[in-house]
Structures are given as structure tokens and as C-alpha cells.
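Trainee: Here's a structure for you.
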Amino acid sequence: MANGIQKEIRPLTEAMNLLSMAASQKTLEDYKEEIAKNAKRNKRFESVFSILKEIDADTKAVLKDKWEDVLFYFGAEDWGGERLTHILYLWESNLPLWYATPKEWSDSILKMEESEYYKNVYHRLCVYNNSVQDVVDVKFGESLAEVISFILKMDIPDEKKLALQDIILNRETHFEKVNQLLERALNQITKYQKQIQEWISIFGEYWTEELGGKSFPDYMEEIFHFKEDIERPIEEWTLWPCIFVPTRMGVTFDMDPETGKVNGPCVGTAGILFGEGYTIRDCYESETTLSDEQALKTLRLISEKNKFEILSLTKEASAYGSVLAQHLGLTTATISHHTNELYEAHLLNLEKKGNRIYYSTNEEMLRKLIRYLEGKLT
């Protein structure tokens, strides 16, 4: 794997994204209109969505005979939501980047020792549906009984609980079904390879100029102010194009939480829609631009003593839930409730280090609130 901007896609990742796009309750047109509020509807913008719609329609037609399976495994309210396949394939802890075929990916999981498998499943369930939790004090279950017990306590519909139990108990059968879907999605990607390659070429040109010699992790840090205790500079990094979630952006570190040392390359991802007329900075600022309703909600949140204290404590240095609980004399469950609300309002940043989630005050959001108040009241 070459260092820097990649000139190819990650096929299995994109196959997952393609099926998730097709099965999402949010249509491409809805997604387009949402993005268009902050992006220039230039020729490139219209072209990307036009071709994505063509691929989406064609994929749905090709998978018509398996559509019930597609919805079951890949269905969610939007493109960023949790899918059952994320649990089945241990998404994040066992990334498809490392495998050439769906079967190779699923076989790696089937070959796991039971305790290792259930521990990974348990950890994945802890963040199911993008719940923001401090999992440092969680003793990850290493048995089927512990995993099932955890599922039964989850705040999700009974139907979803049954589905989760079934894909864990009968994972080999489910792998056979989903691997077939992934193979057909890979065929779709091959079918549109010419267009995808054109996007990758544009992606490379844009990011070479945009980074201007900086690493992608440093570029992202300038925008998001990660406040990570990471050894710098980061010499090894990759930036991958994301086709079927065209506004995805992210940086993943395999980092030792004690030393701050990054083990192996930092993996960055950026959607193909970023470019002229729509930058990552535009996307970030649009997410944190305050409306009257958002400003009032933010003011209500920070007027609560415990939430105000959390923001004060995480202003200078990031902290995880147990530390916040100790400082404030609250349970970790109560802290989790407060951090959830603050995170959803963009008042907290979060970062995973090992099995811990660290929180830090989003100072940019507070500055926006101050500017909003100055504009309204002075």
C-alpha cells in the first residue's frame, strides 16, 4: 500500500457502501437536496449525483430477486446508520481493507476463537446505532451468554434484538447470503469502473493541490482541532476515495493510548463530492452553523450545571467518562446521558483511544454561539 493519496478504491468497503446506499430509507434525491444547501450546484456536483442515481437504479434492478435480503442486512434510516452487517462482519475491528474477497473476510471471522469472537461482538454492540458511550469500564463479554444478555438489555425493538441474536448464532448461514450480495455489488462496481476511475483521477488531482504538501491527518486537525496526544509528525498515512458515501470524511489511528504512538499508517477517507464548490471545511461549518432554534437549544444545554461543568473540564484537556464522573460525583450512566446530548449539539468532540472514548470541548461551536449572540444582541 503506497503512502499518501490512493489511486484506487477499497472494493469491499465500496461494495458495502453501495448496498447501504441502495437500501437506505433516505433517497439519493433527498441526500442531494440536503447537501445542496451548502454546496455549489456546479457541473461536477450535478454529474456526481446523476451517475450515482444511475448506479443506484441499476443496482436495485440487478438485485431485485434478493431485495428482501438487501433491506434486511443493509437497511437503515440514512447512509450513516448502523446495519446488521456491521455486527455480522465486526465492522471497524475487522475492516474489509485487509481482505480481497467477501469469503476471505467472513472466513477470518469464522476462524476466530470463540472468546475472541464474542469479545469483538460485545464491543461492536456497545457502539451499535452510533451510541456515544464511555466503554472503558465495560468488561467485554467473552461468551455467548454474556452477548445475548447484553442484547436483551439494549434499547432497541424486540424484532431487532431477535435479528441480532440470529446473525450471531447462525453467522455461517448469514455470511453465505451476504457474501453473495457483496459479490454482486462488486460486479456492479466493475461495470462502472470507467466512471469510477475518472472520479479517482479527479480526486487525486484535487487532494494533491488541497493538501499542499501537508499530510491528511494534519489537514483534518487544522479544521477539527482533534486535541489528540499523538506523536507528530505522522509520516505514514493514506487517503482513500469514497464513492458511494460521497461526503464521508474521517481519519482512523491505530494508537497506543498510553504513549500516543501511532502504530502503522493513519487511514484517511474522503468522499468524491469534496472539491471545487464543496470542501470539507464547508461541510464542517454547515454542520455547526447555528439557526435560532439551534442557538436556543445550545443555550438551554449549557445552562444546566452538570453540562456546563463537563464543558469546563474538557476545555483544556480531553477526558473519558469515568474521570468526568469522579470529578462531578455522578455515575458513568449519568455522564453518558449528558455527553450524548452535548455531542449531538456539536458541543463536544470525541475520540476513541483503545477501548476508551475521550471527550473534549468543541471550541469552534462555542465561538459560533458567541458570534451568534453578538449578532443578535449587540
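Trainee: For Lys315, which aspartates and glutamates qualify as cross-link partners when the Cα separation must be under 16 Å and same-chain residues fewer than eight apart are set aside?
Mentor: Glu228, Asp229, Glu351, Glu363, Glu364
Trainee: For the chain, what does the convex hull of the Cα positions come to per residue, in cubic angstrom?
Mentor: Taking only Cα atoms, the chain has a hull volume of 153 Å³ per residue.
Trainee: Of the listed pairs Lys64/Lys194; Lys32/Lys160; Lys60/Lys191; Lys37/Lys60, which have alpha-carbon separations greater than 19 Å here?
Mentor: Pairs exceeding the cut-off: Lys64/Lys194; Lys32/Lys160; Lys37/Lys60.
Trainee: Also, quick follow-up: What do you get for Rg/Rh over the range 1-109 if you use C-alpha atoms and the Kirkwood form of Rh?
Mentor: Reported Rg/Rh (Cα atoms, Kirkwood Rh): 1.00.
Trainee: Tell me which of Ile202, Tyr117, Leu239 sits at the most positive position along the dipole axis of the chain, charges placed on C-beta atoms (Lys, Arg +1; Asp, Glu -1).
Mentor: Of the candidates, Ile202 comes out farthest on the positive side.
Trainee: In debye, nearest 20, what is the charge dipole magnitude of the range 171-217 about its Cα centre with +1 on Lys and Arg Cβ and -1 on Asp and Glu Cβ, if you could check?
Mentor: Dipole magnitude for the range 171-217 comes out near 220 debye.
Trainee: For Lys376, go through the lysines and keep the ones whose alpha-carbon is under 17 Å away, minus same-chain ones fewer than eight residues off.
Mentor: Reachable lysines: Lys297, Lys368.
Trainee: Just how large is the dipole of the chain about the Cα centre, in debye to the nearest 20, putting +1 at every Lys and Arg Cβ and -1 at every Asp and Glu Cβ?
Mentor: Its charge dipole is roughly 540 debye.
Trainee: So between Lys43 and Ser303, what do we pick up on full extension, going 0.36 nm a residue minus the alpha carbon distance?
Mentor: Gain in length upon complete extension: 89.1 nm.
Trainee: Give me the percent relative contact order of the chain, please, defined on Cα pairs under 8 angstrom at least 6 residues apart.
Mentor: 20 percent
Only the coordinates and a few stated rules stand behind these numbers; no lab work does. Quick caveat, the model's predicted, so the values are computed rather than measured. As a convention, Cβ positions derive from the backbone with ideal geometry for all residues, glycine included, and neighbour counts pool all protein chains shown.
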